[in-house]
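My questions will all concern the structure given below.
The values are calculated or read from the model by the stated rules, or taken from the named source; none is laboratory data. Owing to the predicted nature of the structure, the values given are computational and were not obtained by experimental measurement. Note: ideal-geometry Cβ built from the backbone for every residue, glycine included; neighbour counts use all protein chains shown. We work out accessible area using only protein heavy atoms, side chains counted, and drop any ligands, DNA or RNA first. Shrake-Rupley method; radii C 1.70, N 1.55, O 1.52, S 1.80 Å.
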Amino acid sequence: MIPANLTHYIETEIIPRYEKFDKAHNLSHVQAVIEESLSLAKQYDVNESMAYTIAAYHDTGLCHDRATHHLISGEILKQDVALRQWFNEIETMKEAVEDHRASTDHEPRSIYGKIVAEADRVIDPAITLRRTVQYGLKQQPEADKEWHYQRFHQHLMDKYAPGGYLKLWLPDSKNTERLKELQTIILNEELLKKTFNKLFSEEKNN
């Protein structure tokens, strides 16, 4: 059971920070990561309050930059003295936040890191494809459609295609099947281009 005063603190002091982040890391994202982390926590019989808090802090470092946000997020959690009234395992929680990133070159150091990393993937083909288009438009709004398609295609191949850098750490999670669905789309260039055209048009007119 998560203490009510911890939930109040997280919901009033931490989660609102996501209102200032991009569409791929907004309130709905952190809420989805929290929900999936709590679901996985039940499966693996771990401390629910720790899983909840790690998920809430995992992207807070985006207030500084994207490249090192996972490290900054861990530091934000560690430096938050308010958390010490609920937790003793602050270092484990910091490491879990640091280890959540899809491009990390090492396996998460604890089950908590694996849980938040898995929850952060939230592989839903429709959402993943749309976010990839959104990110390109945010980075290069003036670039032409062909440039955006090439970036979209390259990113998906690098990250999600077989052999891509995305790693799944919990074989029992929903992501295993969802990744196969996404790969089916990515590897069918005609379908991928059609999907891109639809999403690109919708996002440009949004």
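With every protein chain left in place, what is the accessible area per residue of the chain in square angstrom, probe 1.4 Å? Can you show the working numbers first?
Numbers: 10530 Å² over 206 residues.
Computed with neighbouring chains in place, this is 51 Å² per residue.
Another question about this same structure. Take the cross-link list K145/K180; K114/K145; K78/K204; K20/K194 and give me the ones stretching past 29 Å between alpha-carbons.
Numbers: K145/K180 27 Å; K114/K145 37 Å; K78/K204 40 Å; K20/K194 32 Å.
Beyond 29 Å between Cα atoms: K114/K145; K78/K204; K20/K194.
Just the number, please: Stokes-Einstein D of the stretch 8-123 in µm²/s, Kirkwood Rh from C-alpha pairs, 37 °C, 0.692 mPa s.
For these conditions, the coefficient is 240 µm²/s.
State, to one decimal in nm², a quarter of the convex hull surface area for the C-alpha atoms of the stretch 127-182, i.e. the direction-averaged projected area. Don't skip to the answer; put the middle values down first.
Working: hull surface 16.8 nm².
Average projection, Cα convex hull of the stretch 127-182: 4.2 nm².
Do the sum for the chain: with -39,500 (n - 2.57) for every DSSP H run of n ≥ 4, divided by all residues, what is the mean residue ellipticity at 222 nm, to the nearest 500 deg cm²/dmol? List each step's numbers first, then the result.
Working: 10 runs with 123 residues, N = 206.
Mean residue ellipticity, 222 nm, calculated: -18500 deg cm²/dmol.
Select from K138, K174, K23 the residue whose mean-square fluctuation is largest in a Gaussian network model of the chain (Cα-Cα springs shorter than 10 Å).
Fluctuation is largest for K138.
Under 10 Å, Cα contacts only: if you run a Gaussian network model on the chain, which one of E177, E75, E98 comes out with the highest mean-square fluctuation?
E177
Among rounded, prolate and oblate, which fits the stretch 66-120 when a ≥ b ≥ c are the square roots of the eigenvalues of its C-alpha gyration tensor, a/c under 1.5 means rounded, and a/b larger than b/c means prolate? Mind dumping the intermediate values first?
Working: a/c = 2.44, a/b = 1.49, b/c = 1.64.
Cα axes put the stretch 66-120 in the oblate bin.
Through the Karplus equation 6.51 cos²θ - 1.76 cosθ + 1.60, θ set to phi - 60°, convert the phi angles of the stretch 166-171 into ³J(HN,Hα) values in whole Hz; use x for Gly and Pro.
So the Karplus estimates, Gly and Pro as x, are 5, 10, 9, 9, 10, x Hz.
Let me ask something additional. Taking K and R as +1 and D and E as -1, what net charge do the other residues with C-beta under 12 Å from the C-beta of A126 add up to?
Details: positive: R130, R131, R178, K198; negative: D124, E181, E202.
Residues close to A126 contribute a combined charge of +1.
If you don't mind, there's one more thing I want to ask. Under a 1.4 angstrom probe, counting protein chains only, how are E35, E95, E13 ranked by accessible area, largest first?
On the way: E35 135, E95 50, E13 95 Å².
Heavy-atom accessible area, descending, gives E35, E13, E95.
How big is the Kirkwood radius of the chain, worked out from every pair of different alpha carbons and given in Å to one decimal? Don't skip to the answer; put the middle values down first.
Working: mean 1/r = 0.0562 Å⁻¹.
Final number for the Kirkwood radius of the chain is 17.8 Å.
Can you give me the relative contact order of the chain as a percent, contacts being Cα pairs under 8 Å and 6 or more apart? It would help to have the intermediate numbers written out before the result.
Working: 244 pairs, mean separation 33.5, N = 206.
Computed over the chain, the figure is 16 percent.
Next question. Starting from the residue with the highest accessible area, list H64, H148 in decreasing order, probe 1.4 Å.
Working: H64 130, H148 5 Å².
Result, largest first: H64, H148.
Sequence-distant or interchain residues sharing an amide H contact under 5 Å with L187, placed H: which?
For L187, whose amide H was placed from the backbone, there are no distant partners under 5 Å.
Also, quick follow-up: For the chain, which whole percent of the accessible surface, found with a 1.4 angstrom probe, sits on carbon and sulfur atoms?
Working: 5200 of 10530 Å².
Heavy-atom surface of the chain belonging to carbon and sulfur, 1.4 Å probe: 49 percent.
Additional query: Which whole DSSP H helices in the chain pass both tests: a Cα extent of 24 Å or more along the axis and a mean Kyte-Doolittle value no lower than -0.5? Could the numbers behind the result be given before it?
Numbers: long enough: 27-44 (26 Å, 0.17).
Membrane-span-like by this rule: 27-44.
Given Cα pairs under 8 Å that are at least 6 residues apart, what percent is the relative contact order of the stretch 143-206?
Values: 24 pairs, mean separation 19.5, N = 64.
It rounds to 31 percent for the stretch 143-206.
So, one more: Which order do D172, D124 take when ranked by solvent-accessible area (1.4 Å probe, heavy atoms of all protein chains), largest first?
Numbers: D172 110, D124 55 Å².
Solvent-accessible surface, decreasing: D172, D124.
When the chain is treated as a GNM, springs tying every alpha-carbon pair under 10 Å, which of D99, D22, D59 comes out with the largest mean-square fluctuation?
In the Gaussian network model the winner is D22.
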